[in-house]
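**Student:** There's a structure below that I have some questions on.
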Amino acid sequence: MANPHYQDQRQKCLAGLSNDMIDEPIINLVNALNKLPYCFTLQSCHGHFVYTGQNDPYNLEPLPITDTVIRVEYRIAYIALCIENSDLGRIFLNDLKKITVIDPKNIQFGSAEWFWKRQANSYALQVEPDRFKFEDKAILDYREALKIQNVRNDFFVHLKKLLAVKKTR
């Protein structure tokens, strides 16, 4: 939708953002997104795995290869963005939608109503099993958590590749 306040909202949001607010593995990605003039990030999370013996809710370590972990609490990986209603913004929006083909059962793209109320033209790409797509976290068995970890990693690789292409245009 038309948003005559886009530039002001973008400046205000980016002025309040610092690298210490971003999960370390995605700092460069978030900063690259914010260099594009037709979008800016609203929130992000690399995705965290919490399990017996690893109780840090901001854990960034990969899941261990073990047979002792049964259940894993997964805190979703996502990027929430505001995208300008412009030709370049719409092209980027379509490019983002295509990232779901990596694994449509575990990657969603859309716009949450509550987010849209706070920021027009807001969208989110998230990695989470479809049955939990409306939740911020999910309890997964260990094998599914390993799969989600791999999907999450592929997701961020694809986003980085997309941004590399955008930089060259």
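The values are calculated or read from the model by the stated rules, or taken from the named source; none is laboratory data. Not measured: the values here are computed from a predicted model. Glycine also receives a Cβ, built like all others from the backbone with ideal geometry; neighbour counts cover every protein chain displayed. Accessible surface is based on the protein model in full, side chains and every heavy atom, while ligands, DNA and RNA are left aside. Shrake-Rupley method; radii C 1.70, N 1.55, O 1.52, S 1.80 Å.
**Student:** Just to check I understand the Karplus step: with θ = phi - 60° and J = 6.51 cos²θ - 1.76 cosθ + 1.60, what whole-Hz values come out for the stretch 61-73, glycine and proline as x?
**Tutor:** Couplings: 6, x, 4, x, 8, 7, 10, 9, 8, 9, 10, 9, 8 Hz.
**Student:** What is the sum of charges, Lys and Arg at +1 and Asp and Glu at -1, for the other residues whose Cβ falls under 15 Å from the Cβ of Trp114?
**Tutor:** Within the 15 Å Cβ shell, the charges total 0.
**Student:** Give the accessible area for Val151 in Å² (nearest 10); use a 1.4 Å probe, count only protein heavy atoms, and leave out ligands, DNA and RNA.
**Tutor:** Estimated to the nearest 10 Å², Val151 gives 10 Å².
**Student:** Can you tell me how much longer the chain between Phe134 and Thr52 gets when fully stretched, taken as 0.36 nm per residue apart minus their C-alpha distance, in nm with one decimal?
**Tutor:** My answer for the length gained is 27.0 nm.
**Student:** What does the net charge come to around His158 if you take all other residues with beta carbon closer than 14 Å to its beta carbon, with K and R at +1 and D and E at -1?
**Tutor:** With Lys, Arg at +1 and Asp, Glu at -1, the net is +3.
**Student:** Extending each Cα 7 Å along its Cβ direction at Asn150 and Lys117, get the distance between those two points in nm, one decimal.
**Tutor:** So the label points at Asn150 and Lys117 sit 4.0 nm apart.
**Student:** Right, another one. For the chain, modelled as a Gaussian network with Cα springs under 10 Å, which listed residue fluctuates most, Ser111, Ser122, Ser86?
**Tutor:** Ser86
**Student:** Now a separate question. How far, in nm, would the chain grow between Ile102 and Cys13 when pulled straight, counting 0.36 nm per residue and subtracting the alpha carbon separation?
**Tutor:** Once the chain is fully extended between Ile102 and Cys13, it gains 29.1 nm.
**Student:** Counting only heavy atoms of the protein chains, get the accessible area per residue of the chain (1.4 Å probe) and round it to a whole Å² value.
**Tutor:** Value returned for the chain: 57 Å² of accessible area per residue.
**Student:** A further question follows. All other residues with a Cβ under 12 Å from the Cβ of Leu93 taken together, and with Lys, Arg as +1 and Asp, Glu as -1, what is their net charge?
**Tutor:** Here the charged neighbours net out to 0.
**Student:** Between their Cα atoms, which of Lys12/Lys137; Lys98/Lys166; Lys12/Lys35; Lys97/Lys137; Lys35/Lys166; Lys133/Lys160 are more than 18 Å away from each other?
**Tutor:** The pairs that break the limit, which is 18 Å between Cα atoms, are Lys12/Lys137; Lys97/Lys137; Lys133/Lys160.
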